[in-house]
Amino acid sequence: MTETYRKYQRLSSKPLGKKIFSVAFAQFAPYFWTVRPQVREVRPNHAELSIRKRRAVQNHIGTFHVIAVANGLEAAMGLLAEATVPETKRWIPRGMELSYPAKAHTDLLCVAESDPGHWDAGGDVPVKVRAMRTDGVVVVEGTITLYVSDKPRT
């Protein structure tokens, strides 16, 4: 279990704990703060967060800019990875493939999920991601590939 996941477990059951963790997590990777992620759930092989539709994340037609959505999905993937990666391994994103089946005109729920069997062997680990509007319609979906390797010995 990583320090990030330990902090989530410690804070999530306390009043305002998820809110405090969300801010701290977004400060750890400052670019995530651009979408102001609100962490909803984190456990091995699964993470969920929400991102609010506001002017700063909109495109020229008033919907979520797809890069803002991708940022939310990458934040969800990072939480999943921190909750899932074995103690002896480390991870880094290797690539992202996304499709945009619908317009994102509401707040979004970003979900990341992985298969438990992929993590122990290392190498490329696919993480399925999707962002959904408040009516349940998927607006962005795809895969973020992580490279998982042994931690260097110190």
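Which ones in region 15-35 are open to solvent by 20 Å² or more (accessible area, probe 1.4 Å) and either hydrophobic (A, V, I, L, M, F, W, C) or in a loop (DSSP other than H, G, I, E, B) (or both)?
Correct list: PRO15, LEU16, ILE20, VAL23, ALA24, PHE28, ALA29, PHE32, TRP33.
Which members of region 95-122 meet the condition of being aliphatic (A, V, I, L, M) and in a loop (DSSP other than H, G, I, E, B)?
Within region 95-122, ALA102, ALA104, ALA121 qualify.
Output the residues belonging to region 37-92 that are more than 17 Å from GLU141 (Cβ to Cβ) and assigned to a helix (DSSP H, G or I).
ARG55, ALA56, VAL57, GLY78, LEU79, ALA81, GLU82, ALA83, THR84, listed by residue number.
Can you tell me which residues in region 12-49 are under 19 Å from GLU113 (Cβ atoms) and charged (D, E, K, R)?
Listed by number, the residues that qualify are ARG40, GLU41, ARG43, GLU48.
Given the criteria surrounded by fewer than 21 Cβ atoms within 10 Å (Cβ to Cβ), modelled with pLDDT of 95 or more and either among the hydrophobic types (A, V, I, L, M, F, W, C) or out of contact with any Phe, Trp or Tyr (no Cβ under 7 Å at 6 or more places or on another chain) (or both), does THR106 qualify? Give the derivation first.
Working: surrounded by fewer than 21 Cβ atoms within 10 Å (Cβ to Cβ): yes; modelled with pLDDT of 95 or more: yes; either among the hydrophobic types (A, V, I, L, M, F, W, C) or out of contact with any Phe, Trp or Tyr (no Cβ under 7 Å at 6 or more places or on another chain) (or both): yes.
For THR106, the condition - surrounded by fewer than 21 Cβ atoms within 10 Å (Cβ to Cβ), modelled with pLDDT of 95 or more and either among the hydrophobic types (A, V, I, L, M, F, W, C) or out of contact with any Phe, Trp or Tyr (no Cβ under 7 Å at 6 or more places or on another chain) (or both) - is met.
Please specify each residue of region 36-85 satisfying the condition of being touching a Phe, Trp or Tyr at 6+ places or on another chain (Cβ under 7 Å), open to solvent by 30 Å² or more (accessible area, probe 1.4 Å) and over 15 Å from ARG133 (Cβ atoms).
GLU82 - this is the single residue of region 36-85 that is touching a Phe, Trp or Tyr at 6+ places or on another chain (Cβ under 7 Å), open to solvent by 30 Å² or more (accessible area, probe 1.4 Å) and over 15 Å from ARG133 (Cβ atoms).
Select from region 109-129 the residues that are of a type in the set (Gly, Ala, Ser) and open to solvent by less than 30 Å² (accessible area, probe 1.4 Å) and write down the one among them that is nearest to GLN38 (Cα to Cα). Quick ask: steps written out before the conclusion?
The first filter runs over region 109-129 and keeps only residues of a type in the set (Gly, Ala, Ser), leaving 112, 114, 117, 121-123.
Cutting the leftovers down to open to solvent by less than 30 Å² (accessible area, probe 1.4 Å) gives us 112, 114, 122-123.
Values: ALA112: 14, SER114: 20, GLY122: 29, GLY123: 30 Å.
Looking at the filtered set, the residue picked out is ALA112.
Which count do you get for residues in region 130-152 that are in contact with a Gly (Cβ under 6 Å, 6 or more places away or on another chain) and either among the charged types (D, E, K, R) or surrounded by 19 or more Cβ atoms within 10 Å (Cβ to Cβ) (or both)?
Matching residues across region 130-152 total 1.
The values are calculated or read from the model by the stated rules, or taken from the named source; none is laboratory data. Because the structure is predicted, anything quoted here is derived from the model rather than measured. Every residue, glycine as well, gets a Cβ built from its backbone with ideal geometry; the counts of neighbours run over all protein chains shown. Keep in mind that these areas ignore ligands, DNA and RNA; they rest on the heavy atoms of the full protein, side chains included. Shrake-Rupley method; radii C 1.70, N 1.55, O 1.52, S 1.80 Å.
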